[in-house]
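Enquirer: The structure that follows is given in the form of structure tokens.
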Number of protein chains: 2
Amino acid sequence: MVERRTPIPVPEAVSRVMEFAGKGTKEIVSIEASYGRFLAEDVIADHDVPHFDRSPYDGFAVRAMDTTNAGLENPIEFEVIEEIGAGSVATKKVEAFQAVRIMTGAAMPTECDAVVMLELTTEYERDGKKYMSIKRPFKSGDNVSFQGEDTKKGSVLVEKGVSINPGVKALLATFGYHQVEVAKKPVVGIYATGTELLDVHEELAPGKIRNSNAYMISAQIERAGAEPKYFGKLPDDFELCFESIKNAIDEVDVLITTGGVSVGDYDYLPAIYEKLGAEVLFNKIAMRPGSVTTVAQLHGKLLFGLSGNPSACYVGFELFVRPVVRTRLFSTCPHQLKAKAVLDADFPKPNPFTRFVRSKISFSDGKLVVTPSGLDKSNVVSSLAGANAFMVLPGGTRGFGKGDEVDVLYLEDQEGSRWPWK
Amino acid sequence: MVERRTPIPVPEAVSRVMEFAGKGTKEIVSIEASYGRFLAEDVIADHDVPHFDRSPYDGFAVRAMDTTNAGLENPIEFEVIEEIGAGSVATKKVEAFQAVRIMTGAAMPTECDAVVMLELTTEYERDGKKYMSIKRPFKSGDNVSFQGEDTKKGSVLVEKGVSINPGVKALLATFGYHQVEVAKKPVVGIYATGTELLDVHEELAPGKIRNSNAYMISAQIERAGAEPKYFGKLPDDFELCFESIKNAIDEVDVLITTGGVSVGDYDYLPAIYEKLGAEVLFNKIAMRPGSVTTVAQLHGKLLFGLSGNPSACYVGFELFVRPVVRTRLFSTCPHQLKAKAVLDADFPKPNPFTRFVRSKISFSDGKLVVTPSGLDKSNVVSSLAGANAFMVLPGGTRGFGKGDEVDVLYLEDQEGSRWPWK
């Protein structure tokens, strides 16, 4: 008999899952290993920037008051008493009409309050002493980077939950974070179910296909920022599936299975969840593909039963698993970034339910343009490779045409969206 | 004395560098370790998809000719002689008015040419035999996925040089690539020069700053797809710098130094390149920041002298080093993706030279919007963290205003652009 299931709307499904998203945990990594990890602490300035008054140019540090009368017809001469490289400090006191040769980034001598750029000076020697002269006046503060003008000590520069990109890593270095508190990667387990599945290295056989979903999801898990743990594939054998899944649960933060969630005679996941005593949060969603996506929770741990169909599996991961992963990485925007884009092709299919179409976003003349992948069947396999977005077509709509504005979820963005999608 | 250098345009500088970009090399990794790597071979279908005629639904496989007379008032009865799960094949010959219960993905029995979905049938038993009946006719081919209809054996599905994303990995699994030929990551060495530099774990001291450029570049190298090798920092000591750089060259594919390329008295890189016998490709570019970026080649190996200024260093890497890395990863679009965006703030500074402004791209109402980072000085440090793009303002232009359309380079895209920028 065909089991009757009641489909729930996508937002309701997401909300039910997110109730059990759980919390992140922290670990310490060296700054060298921090790229791409997610901050588990705010980055705070441990000092002013600059932390001393410094010269932004190569030139001469002077007392501005000595330059007041300088002009094209009235060059003013300064004795150059010292030279300071970046990393060094002045050792002599600067008196009237004396100057210090100063390099970019070097600390200003205490008595000086302006820097004259090298190009604006004439240098010469006389009686074994060094001099330079200038032909214009400078005001106090000219060409000086003052302590704290860029950042005050104690400022929060980057917030917890942000992914560590090159700029964030530069800040970590600047402010002395040689050890960084980052979110521990949640471990996401994967079991692929189905007697039809072969391993990647196996030769094809009649009726069999190679297991691709587990490898695809594993990459989706890495892209989301978590650690995949692939347990292998399971044949359609209830007891074996039950025992394997039961044993895997304790080893992971989240468990994904692929296949076995439909209403076929070998779709064992519903019965396995029942025997485990897990609470099924939903087993039917008003969406295509992936309507049979089933999610259960056992003692607060999420068990995702994704469809065995590759498109449905892909969509199910990004909609439901990814925000759980990102929440555990302390992100405040754990959902895929939602944006508007212009449709670049006709999409004539009507949409009885919300449809997520794997698509490619590109940029043209300042606009986001979206092209559905694999519109013609001959392209359906390789279209997997080019997708970087979902086009979201609301349920209850007819087909869409080229030039229509549609919603898209951008899969390769690191920033994400809050819920409900902005 | 101030050395006179002749600035060259950015495209000329890029072209000079790219002449020495070199070629990629290959290595083999397991499919498990392939996510994020770059393909060094085309992905080719080793079989048709589907590789046998199969059922896309749970239902019954029948001979369409037997259904011709079925109608609402004329149900036609079929004897169900067998059941085929996905991964199994039929063992019995299907005769007239016989059917086979078939699961999603299972192979069609040879004699059958249509699938009746489960929902459209009535099942019952009689005298210990199973039957089902249907009330509408089916045509030959109805609900059958035919061998090769998605992809023909031998098709090129993904081309060499593409980054392995979840979809590409699914294809690798489907077509039996348990070992994948990927581009070996070029090794990019880094030396940070400057007596002012402290290690990240060191306490601040007067005149000193912590070395952040090396850590930032190291992340930029990882983002580009290469392997960073950080040699450490060097004080402003000519002989020590010369020996260290000389020894590092043989250990890397590309060597980056930061600092020492300006015209200050401690800017030793020009003299080091000379003593090494390296050919300086340019030492002045008509751009801001990073005008002093210097690139040399020694026996065809590129030596990048990036500025010690963090912004200039960041820009220099993305414009000149990144396309070299991506070329060695077999990418045909090694340069940053160029697009148009609408400026979201006034940028009143005139641009005597081409200016690359670290900025943040966001999407609003289907448009790309760009906001310069760190417009006000108080934000200049943390703006490093938020940048995901450069705004490109051509030389010889005055300030730009909110609402103006500008060029942007999008740093977090994986696709890139060909040269010259489209």
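The values are calculated or read from the model by the stated rules, or taken from the named source; none is laboratory data. What you see is a predicted model; the values in this text were computed from it and never measured. Using ideal geometry, Cβ is built from the backbone for each residue, glycine included, and neighbour counts are taken over all protein chains shown.
Enquirer: Of these, A:328, A:358, which one is in contact with a strand residue (DSSP E or B) (Cβ under 7 Å, 6 or more places away or on another chain), among the charged types (D, E, K, R) and away from every other protein chain (no Cβ under 13 Å)?
Expert: On inspection, the qualifying residue turns out to be A:328.
Enquirer: Pairs please, first residue from segment A:406-422 and within 11 Å of chain B (Cβ to nearest Cβ), second anywhere and modelled with pLDDT under 90, Cβ atoms under 7 Å, 6+ apart in sequence or on different chains.
Expert: A:412/B:414; A:414/B:412
Enquirer: Testing residue A:292 on (1) buried (at least 24 other Cβ atoms within 10 Å of the Cβ); (2) within 16 Å of residue A:214 (Cα to Cα), one condition comes back false. Which one is that?
Expert: (2)
Enquirer: Within segment B:121-140, which residues are more than 13 Å from every other protein chain (Cβ to nearest Cβ) and among the basic types (Lys, Arg)?
Expert: The answer is B:126, B:129, B:135, B:136, B:139.
Enquirer: Okay, next question. Go through the residues of segment A:190-198 one by one and say whether even a single one is farther than 30 Å from residue B:110 by Cβ and surrounded by fewer than 24 Cβ atoms within 10 Å (Cβ to Cβ). Reasoning before the result, please.
Expert: Of all residues in segment A:190-198, those farther than 30 Å from residue B:110 by Cβ come to A:190-191.
Still in the list and also surrounded by fewer than 24 Cβ atoms within 10 Å (Cβ to Cβ): A:191.
Looking for residues that are farther than 30 Å from residue B:110 by Cβ and surrounded by fewer than 24 Cβ atoms within 10 Å (Cβ to Cβ), one finds at least one in segment A:190-198, hence yes.
Conditions tested, residue by residue: (1) of a type outside the set (S, T, N, Q); (2) modelled with pLDDT under 95.
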residue: A:229; (1), (2): yes, no
residue: A:242; (1), (2): yes, no
residue: A:266; (1), (2): yes, yes
residue: A:272; (1), (2): yes, no
residue: A:289; (1), (2): yes, yes
residue: A:294; (1), (2): no, no
residue: A:300; (1), (2): yes, no
residue: A:325; (1), (2): yes, no
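Enquirer: Can you name the number of the only condition in (1) facing another protein chain (nearest Cβ under 10 Å); (2) within 25 Å of residue B:414 (Cα to Cα); (3) touching a residue at least 12 places away in the same chain (Cβ under 8 Å); (4) surrounded by fewer than 24 Cβ atoms within 10 Å (Cβ to Cβ) that residue A:392 fails?
Expert: Failed condition: (1).
Enquirer: Considering every residue within segment A:404-418, establish whether at least one is more than 28 Å from residue B:407 (Cβ to Cβ) and not hydroxyl-bearing (Ser, Thr, Tyr).
Expert: Taking segment A:404-418 as the starting set, the residues that turn out to be more than 28 Å from residue B:407 (Cβ to Cβ) are A:418.
From what's left, not hydroxyl-bearing (Ser, Thr, Tyr): A:418.
For segment A:404-418, residues more than 28 Å from residue B:407 (Cβ to Cβ) and not hydroxyl-bearing (Ser, Thr, Tyr): present.
Enquirer: Answer yes or no as to whether residue B:114 is touching a residue at least 12 places away in the same chain (Cβ under 8 Å), in contact with a Phe, Trp or Tyr (Cβ under 6 Å, 6 or more places away or on another chain) and within 30 Å of residue B:169 (Cα to Cα). Spell out the reasoning first.
Expert: Details: touching a residue at least 12 places away in the same chain (Cβ under 8 Å): yes; in contact with a Phe, Trp or Tyr (Cβ under 6 Å, 6 or more places away or on another chain): yes; within 30 Å of residue B:169 (Cα to Cα): no.
In short, no.
Enquirer: Still on this structure, I have one more. From the list B:115, B:144, B:94, B:180, exactly one residue is in contact with a Cys (Cβ under 7 Å, 6 or more places away or on another chain), among the hydrophobic types (A, V, I, L, M, F, W, C) and either within 24 Å of residue B:53 (Cβ to Cβ) or modelled with pLDDT of 95 or more (or both). Which is it?
Expert: B:94
Enquirer: Just give me the residues in segment A:91-102 being surrounded by 22 or more Cβ atoms within 10 Å (Cβ to Cβ) and within 14 Å of another protein chain (Cβ to nearest Cβ), in sequence order.
Expert: A:100, A:101, A:102
Enquirer: Okay, next question. Can you list the strands (runs of 3 or more DSSP E) lying wholly within segment A:295-385 that have 1 or more residues being over 21 Å from residue A:20 (Cα atoms)?
Expert: Of the strands (runs of 3 or more DSSP E) lying wholly inside segment A:295-385, those with at least 1 residues that are over 21 Å from residue A:20 (Cα atoms) span A:337-343, A:354-364, A:367-372.
Enquirer: Test each condition in (1) surrounded by fewer than 20 Cβ atoms within 10 Å (Cβ to Cβ); (2) under 19 Å from residue A:6 (Cβ atoms); (3) of a type in the set (D, E, K, R); (4) without any contact (Cβ under 8 Å) to a residue 60 or more places away in the chain for residue A:267 and report the one that comes out false.
Expert: (1) is the only condition that residue A:267 fails.
Enquirer: Checking residue B:41 against (1) within 13 Å of chain A (Cβ to nearest Cβ); (2) within 30 Å of residue A:201 (Cα to Cα); (3) surrounded by fewer than 18 Cβ atoms within 10 Å (Cβ to Cβ), which test does it fail?
Expert: All conditions pass for residue B:41, except number (1).
Enquirer: Right, here's the next one. Would you please name the residue that is farthest from the other protein chains (Cβ to nearest Cβ), looking only at residues in segment B:48-90 that are part of a helix (DSSP H, G or I) and not polar (S, T, N, Q)?
Expert: Restricting to residues being part of a helix (DSSP H, G or I) and not polar (S, T, N, Q), the top hit is B:65.
Enquirer: Which members of segment B:207-251 meet the condition of being small (Gly, Ala, Ser) and in a helix (DSSP H, G or I)?
Expert: Selection gives B:214, B:218, B:219, B:224, B:244, B:248.
Enquirer: Of all the strands (runs of 3 or more DSSP E) wholly in segment B:101-196, which have at least 3 residues that are over 25 Å from the mean Cα position of the chain (by Cα), hydrophobic (A, V, I, L, M, F, W, C) and outside the structural domain of residue B:44 (by TED's automatic domain parsing)? Let's see the steps before the verdict.
Expert: Working: elements: B:114-117, B:121-126, B:129-134, B:156-158, B:179-183, B:187-193.
Fully inside segment B:101-196 and qualifying: B:114-117.
Enquirer: Taking the residues in segment B:210-225 that are at the interface with another protein chain (Cβ under 7 Å from one of its Cβ atoms) and surrounded by fewer than 22 Cβ atoms within 10 Å (Cβ to Cβ) as candidates, determine which candidate is farthest from the chain's Cα centre (by Cα).
Expert: Selected residue: B:222.
Enquirer: Go through segment A:1-28 and count every residue that is out of contact with any Ser or Thr (no Cβ under 8 Å at 6 or more places or on another chain), buried (at least 16 other Cβ atoms within 10 Å of the Cβ) and outside any helix (DSSP H, G or I).
Expert: 2
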